[in-house]
Amino acid sequence: MHVLDWLSDLDFNYVQEERLRKQVKDTGRWFLESKQFRQWVDGSTASCLWCPGNPGVGKTILAAIIVEDLRQHYRDRSEKALVLSVFCDYQVPATQTIPSLLRSLLKQLVQDYGQLRPSLFKSLYGQFRLRGTWHPRLSTIIEILSQELQSFDRVYIVLDALDEYNDNDGDREQLIDVMRKSLGNNTRLLVTSRDIGTTIGSLFEEDTRLDIRATGEDINLYIDSRLASSKRLSDHIKRGGPSLRSDIHAGVTTKADGMFLLAPMHMDSLAETATVQLFRDELKKLPKDLWGAYDKILKRIEDHDKRKEKLALRAFGWIAFVKRPLTVLELQYALAVKPGSTPALNLENLCAEDILISVCVGLVVKDETYISGDFQSNNPTMKFAHTCR
């Protein structure tokens, strides 16, 4: 039995790496250089930093950027620091219980610093043998994790998407209480979440608050990366002249209005235009909110031939209502089923992955980070794009 697999099915270090790969270089600097964040890091303010933000502003990617920045910050310093991460996902059951999340912290500790102290590991494994259960009880996990964390000068825990953690019988409050009070005085906690009023905000009334919002600088960096990587967009720039580049920056940044998710939607829409004049016309008509952008994309889907439109809508239905994310192959099989046909499942009806993603016009992406239970990193899943940012 491998100790890491025994501790937890979750691998947030892998999730961290995959999320970080989506970062546009140098984005998020405004947050890392902010007074609130720097004071939280150096310990001169409250031990918890509360970071709410609206859907689509880029909270999850920013959480990954924060974790990487902290690890780089302490890499060559004499202080012994530990940086741990938690990425909640309402569709991943293993991220919905306190024992599971705490075991994932223990797993990260082992991944980053080697084996647990022999006496502690012996206690964990001994309890497993004695009780005949797969995992130790919560009180034991808290006790051992607390003891281990005390060997570090500083411990940082970045918890992303608290709003996606279930709130049955005050579970969110209990999770935050455990993170705050049970893991030691050297532990500092940063929490991101949608700002959904007093439901979550009341847990952080006495903590420092730093709202997350995509800055114009970050959106401009994203625009530059798209212009550099897209031949069609760069061709439009060449034909339209330098003023067109300036117009793109001004138009997309203004319409995105602090919502990072809108920027790729707008750039995708612009990339579909066939001429410079159509490009300029499209630039003037870009929606200024997420719902307008979704309406525009759905209109583009309706403009497909009826077979492609039907395929896209069926894919949306499966992704929206499944209890856990579907792997690419599972979604392909689900869409291949034709009720009433004989046989109901004909393998010749399997849709190619690239076509499936194409007909969904940017609303659906392949996500590499669903890694709980039997669905490991070699089984990417299909998710709505907004859940991966």
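Quick look at the numbers
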{"item": "Check on residue 15, modelled with pLDDT of 95 or more, closer than 30 Å to residue 137 by Cβ and either assigned by TED's automatic domain parsing to the domain that holds residue 202 or outside any loop (DSSP other than H, G, I, E, B) (or both)", "result": "no"}
{"item": "Residue pairs meeting the criteria (Cβ under 6 Å; at least 6 apart or on separate chains; first closer than 13 Å to residue 86 by Cα, in the stretch 163-175; second among the hydrophobic types (A, V, I, L, M, F, W, C) and modelled with pLDDT of 90 or more)", "result": "164/88; 165/88; 175/98"}
{"item": "Residue in the stretch 190-206 that is at pLDDT 95 or above, closer than 24 Å to residue 74 by Cβ and out of contact with any Asp or Glu (no Cβ under 6 Å at 6 or more places or on another chain) present", "result": "yes"}
{"item": "The one condition in (1) over 25 Å from residue 22 (Cα atoms); (2) part of a loop (DSSP other than H, G, I, E, B) that residue 307 fails to fulfil", "result": "(2)"}
{"item": "Failed item, numbered, when residue 245 is tested on (1) under 27 Å from the mean Cα position of the chain (by Cα); (2) in a helix (DSSP H, G or I)", "result": "(1)"}
{"item": "Residue check for residue 78: among the small types (Gly, Ala, Ser) and not in a helix (DSSP H, G or I)", "result": "yes"}
{"item": "Residue count for the stretch 248-292, restricted to those that are of a type in the set (Phe, Trp, Tyr), crowded, with 19+ Cβ neighbours inside 10 Å and part of a helix (DSSP H, G or I)", "result": "1"}
{"item": "The stretch 186-231: number of residues that are under 19 Å from residue 245 (Cα atoms) and either outside any helix (DSSP H, G or I) or not aromatic (Phe, Trp, Tyr) (or both)", "result": "16"}
{"item": "Qualifying residues in the stretch 2-25 (those that are closer than 30 Å to residue 224 by Cβ and of a type in the set (A, V, I, L, M, F, W, C)) - the one surrounded by the most Cβ atoms within 10 Å (Cβ to Cβ)", "result": "15"}
{"item": "Contacts under 6 angstrom Cβ, first residue in the stretch 83-98 being farther than 12 Å from residue 8 by Cβ, partner among the acidic types (Asp, Glu), 6 or more apart", "result": "87/160; 88/164; 89/164; 90/164"}
{"item": "Filtered residues of the stretch 37-51 (kept if out of contact with any helix residue (DSSP H, G or I) (no Cβ under 6 Å at 6 or more places or on another chain), touching a residue at least 60 places away in the same chain (Cβ under 8 Å) and in a loop (DSSP other than H, G, I, E, B))", "result": "43, 46, 47"}
{"item": "Hey, residue 34 touching a residue at least 24 places away in the same chain (Cβ under 8 Å) and of a type in the set (S, T, N, Q) or not", "result": "yes"}
{"item": "Residue, nearest to residue 24 (Cα to Cα), within the stretch 237-285, restricted to residues that are aliphatic (A, V, I, L, M) and in contact with a Leu (Cβ under 6 Å, 6 or more places away or on another chain)", "result": "256"}
{"item": "Criterion: modelled with pLDDT of 80 or more, under 29 Å from residue 85 (Cβ atoms), outside any loop (DSSP other than H, G, I, E, B) and outside the structural domain of residue 93 (by TED's automatic domain parsing) - qualifying residue of 320, 334", "result": "320"}
{"item": "Filter result for residue 193 (in contact with a strand residue (DSSP E or B) (Cβ under 7 Å, 6 or more places away or on another chain) and surrounded by 15 or more Cβ atoms within 10 Å (Cβ to Cβ))", "result": "yes"}
{"item": "Selection status of residue 178, over 30 Å from residue 240 (Cα atoms) and either touching a Leu at 6+ places or on another chain (Cβ under 6 Å) or of a type in the set (Gly, Ala, Ser) (or both)", "result": "no"}
{"item": "Residue within the stretch 44-61 that is of a type in the set (S, T, N, Q), surrounded by fewer than 23 Cβ atoms within 10 Å (Cβ to Cβ) and farther than 29 Å from residue 219 by Cβ present", "result": "yes"}
{"item": "Failed item, numbered, when residue 199 is tested on (1) without any contact (Cβ under 8 Å) to a residue 40 or more places away in the chain; (2) closer than 16 Å to residue 24 by Cβ; (3) surrounded by 13 or more Cβ atoms within 10 Å (Cβ to Cβ)", "result": "(2)"}
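The values are calculated or read from the model by the stated rules, or taken from the named source; none is laboratory data. Since the structure is predicted, the reported quantities are computational estimates derived from the model, not experimental observations. Here the Cβ is made from the backbone with ideal geometry for all residues, glycine too, and neighbour counts use every protein chain on show.
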